[in-house]
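None of the figures in this text is laboratory data; all of them are computed from the coordinates on show. As the structure is a prediction and not an experimental result, all values here were calculated from the model. Neighbour counts run over all protein chains shown; Cβ positions are idealised from the backbone, glycine included.
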Amino acid sequence: MARFFFHLHDCGTLIADDEGRDFLDMNDAVKQAKIEARALLAAEVAEGKLCLGCRIEVVEESTGRAIIVPFAATVHLESAVADKPPAI
């Protein structure tokens with residue numbers, strides 16, 4: 001097990017992870033970061049907003065190796081074109 005920190009870069013604000021969590025390897029940590037990014041995006045959508053420019057920086061404690069997980073890379077966006085916009 002290795003300790004990883006998930007530093008959140010939220011629309012210009014850094015929210016540093018001072019505790020970290022243990023994962024088997026970087027791949028497992030990145031998988032979890034993607035899950036958490038999607039959860040944060042879902043919470044934003046529930047509030048009527050969406051910031052795809054945010055990211056999570058996954059840093060391995062022992063090596064300092066970092067991988068950036070952009071929120072935009074964690075979802076697939078589609079847009080359907082309708083003849084008429086739906087009535088609201």
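General observations
- Enumeration of residues in the range 21-59 that are among the β-branched types (Val, Ile, Thr), in contact (Cβ under 8 Å) with a residue 12 or more places away in the chain and more than 14 Å from LEU8 (Cβ to Cβ): VAL30
- Of residues in the range 6-55 being among the β-branched types (Val, Ile, Thr) and over 14 Å from VAL75 (Cα atoms), the one surrounded by the most Cβ atoms within 10 Å (Cβ to Cβ): VAL30
- Every residue from the range 65-76 that is out of contact with any strand residue (DSSP E or B) (no Cβ under 8 Å at 6 or more places or on another chain) and either of a type in the set (A, V, I, L, M, F, W, C) or in contact (Cβ under 8 Å) with a residue 40 or more places away in the chain (or both): ALA72, ALA73, THR74, VAL75
- For the residues SER62, SER79, the requirement of being exposed (fewer than 13 other Cβ atoms within 10 Å of the Cβ), of a type in the set (Ser, Thr, Tyr), touching a residue at least 24 places away in the same chain (Cβ under 8 Å) and assigned to a loop (DSSP other than H, G, I, E, B) singles out SER62.
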